[in-house]
Amino acid sequence: MLKSPVQLLMLSHARAALVRAIAASASCREAQALHSLAWKLGLASDVVLVTALLTRYARRGLLGLAQRLFDEMPRRDVVAFNAMLAALGAAGRVADARALFERMPGRTPASWNAMVTCYCRAGDLGSARLLFETSLCAGSNSVVSWNAMIDGYCKAGSMDAARDLFDRMGSTLPDVVTWNTMMAGYLRGGEPAAAIAMFHRLMQVQQQEHRLRPTTVTMATAVTACTQVGDFALGRQIHLQIQQQGTRADAVLSNALMDMYFKSGSADLALDVFRAMPPSRRNLFCWNTAIAGLGMNGRGEDAVAAFHGMVRDGEVKPDAVTFVAVLSACSHSGLVAVGRELFADMLPVYGVPPRAEHYGCVADLLCRAGRADEAARLVRAMPGRPNAKVLGSLLLLDAGVRVPERQEGGGVRMSEWAARRISEMDVGDGAAYGLSNVYASLQRWDRVEEHRREVSAAVRRGKGPRRKQPGRACYDSG
């Protein structure tokens, strides 16, 4: 039966509204309800609407539903093929994605981008590069293809290959995502100075050509790089630039700024950044940074107040990292009663099971307060075997507390007991490496020589102490 012009107009409006609703659907159940409505309205075969549903199902991880929709489509355009190709790539179905790519009746730059990204995600950079170069020859690539290939090299730690591609792009092709990807790659690879150099170069291009606008990701990566190299003056300049440009700092950028200010000893400036954030945008990472930063700056009471503020706010729940931060703050500020209470409340009140690192924080808190016996009982009673970090808090009890040697678990006897437990766990462990100094302080020269021989033997076997890698932070390049 033919529809009247009014009915066709209403159907067109309904179709447009359905497509918008599908794109904005917040749950799988909502998307499926809209799918049912499309059937009732006779729009189940509409290519645009079905492609929107296919994309929504794929993003929710419902690849089976997405595949069935695609297979049942009476006709498919290149957009539908690209959506299915991206869905297969996101699910790691590389062989299926390549098979679909090969039978596509036509390909757009988005098709090549999806396939290159699929190979990069799977870590097959050789196939990705071959396909990328083929797309260049076919003239079917875009900046997205370049970005996908560069991102693949960055995430694989192949920064030389990434830089070669970046340089091949010339001065006009890279967009801000390209620059962000390179900066994040250098930062992830432990080269913060190179990330800063890339940032300076980006700012020069931006001033000369006025076509690139740094994003919050750009600024967050640059600030993190400044923190890692200790160039806090440049970090503050970047913050000033952010304020002058009126850039609205998101949670990632705010967190990077707070971390920089705390590590430079400017706790009040870090708190200014925190307070400037709308309460709804303060995520768990921001709260943890604030609590840990206050603790490392000797403001334990403020750290505890921040913890209680987070709990009171109710939007974010503390996790294991939160408790390491607040317990460490208590330890460094001598808040014994508060620290013990927080530790006792972890599981029953907050639902966070104490781990070895939490026991280590409390043991350190008790040792600093001169409560050697209590620290020893805590470590000996903890579930599971204490690790080197926990036992490390007991190593130098003698330096701060002199307990008669005959007393069980105190003084010389406890530190030596802890030392032997660490040595038995892994003689090549970083904590075990310094045990000869502990034995020397106890004038146990026989143990000094014995331990040094053990460490030398471990080094020869390739099991020597592992050097600690510098802290890193990574940001997506979007």
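Observations, loosely collected:
- Residue among ARG56, ARG68 that is part of a helix (DSSP H, G or I), at pLDDT 75 or above and either open to solvent by less than 80 Å² (accessible area, probe 1.4 Å) or of a type in the set (A, V, I, L, M) (or both): ARG56
- Single match in ALA344, ALA376 (criterion: assigned to a helix (DSSP H, G or I), at pLDDT 90 or above, farther than 30 Å from PRO278 by Cβ and not basic (Lys, Arg)): ALA344
- Filter pass, VAL349 being open to solvent by 50 Å² or more (accessible area, probe 1.4 Å) and out of contact with any Lys or Arg (no Cβ under 6 Å at 6 or more places or on another chain): yes
- Close pairs from region 362-388: first in contact (Cβ under 8 Å) with a residue 60 or more places away in the chain, partner outside any helix (DSSP H, G or I) and buried (at least 24 other Cβ atoms within 10 Å of the Cβ), Cβ under 7 Å, at least 6 apart: none
- Taking each residue of region 100-115 that is at negative phi and charged (D, E, K, R) and looking for partners that are surrounded by fewer than 17 Cβ atoms within 10 Å (Cβ to Cβ) and assigned to a loop (DSSP other than H, G, I, E, B) with beta-carbon atoms closer than 8 Å, six or more apart or interchain, yields ARG107/SER140.
- Residues within region 226-272 that are closer than 22 Å to PHE307 by Cβ and among the acidic types (Asp, Glu), tallied: 3
- Residue match in region 240-248 (condition: under 30 Å from ASP313 (Cα atoms), of a type in the set (Gly, Ala, Ser) and free of Cβ contacts under 8 Å to residues at least 40 places away in the same chain): yes
- Matching residues, region 195-216, being assigned to a helix (DSSP H, G or I), open to solvent by less than 30 Å² (accessible area, probe 1.4 Å) and of a type in the set (A, V, I, L, M): ALA195, ILE196, MET198, LEU202, MET203, VAL205
- If the condition is being over 17 Å from GLU341 (Cα atoms), over 25 Å from the mean Cα position of the chain (by Cα) and among the aliphatic types (A, V, I, L, M), then region 298-327 contributes no residue at all.
- Residues of region 229-250 that turn out to be part of a helix (DSSP H, G or I), at pLDDT 95 or above and either open to solvent by less than 10 Å² (accessible area, probe 1.4 Å) or not β-branched (Val, Ile, Thr) (or both), as a count: 9
- Of everything listed in (1) open to solvent by 50 Å² or more (accessible area, probe 1.4 Å); (2) under 30 Å from ARG312 (Cβ atoms), the single unmet condition for ARG380 is (2).
- Every condition in (1) surrounded by 15 or more Cβ atoms within 10 Å (Cβ to Cβ); (2) closer than 15 Å to HIS358 by Cβ is met by GLY293 except one, and the failing one is (2).
- Filtering region 205-220 to residues that are touching a residue at least 60 places away in the same chain (Cβ under 8 Å) and out of contact with any helix residue (DSSP H, G or I) (no Cβ under 7 Å at 6 or more places or on another chain) leaves nothing.
- Exclusive hit being free of Cβ contacts under 8 Å to residues at least 60 places away in the same chain, more than 24 Å from LEU131 (Cβ to Cβ) and more than 20 Å from the chain's Cα centre (by Cα), set ALA194, ALA161: ALA194
- Filtered residues of region 307-325 (kept if touching a helix residue (DSSP H, G or I) at 6+ places or on another chain (Cβ under 7 Å), open to solvent by 20 Å² or more (accessible area, probe 1.4 Å), outside any loop (DSSP other than H, G, I, E, B) and at pLDDT 95 or above): VAL321, VAL324
The values are calculated or read from the model by the stated rules, or taken from the named source; none is laboratory data. Because the structure is predicted, anything quoted here is derived from the model rather than measured. In this analysis, Cβ positions are derived from the backbone assuming ideal geometry, glycine residues included, and neighbour counts consider all displayed protein chains. Please note that ligands, DNA and RNA were not included when accessible areas were found on the heavy atoms of the full protein model with its side chains. Shrake-Rupley method; radii C 1.70, N 1.55, O 1.52, S 1.80 Å.
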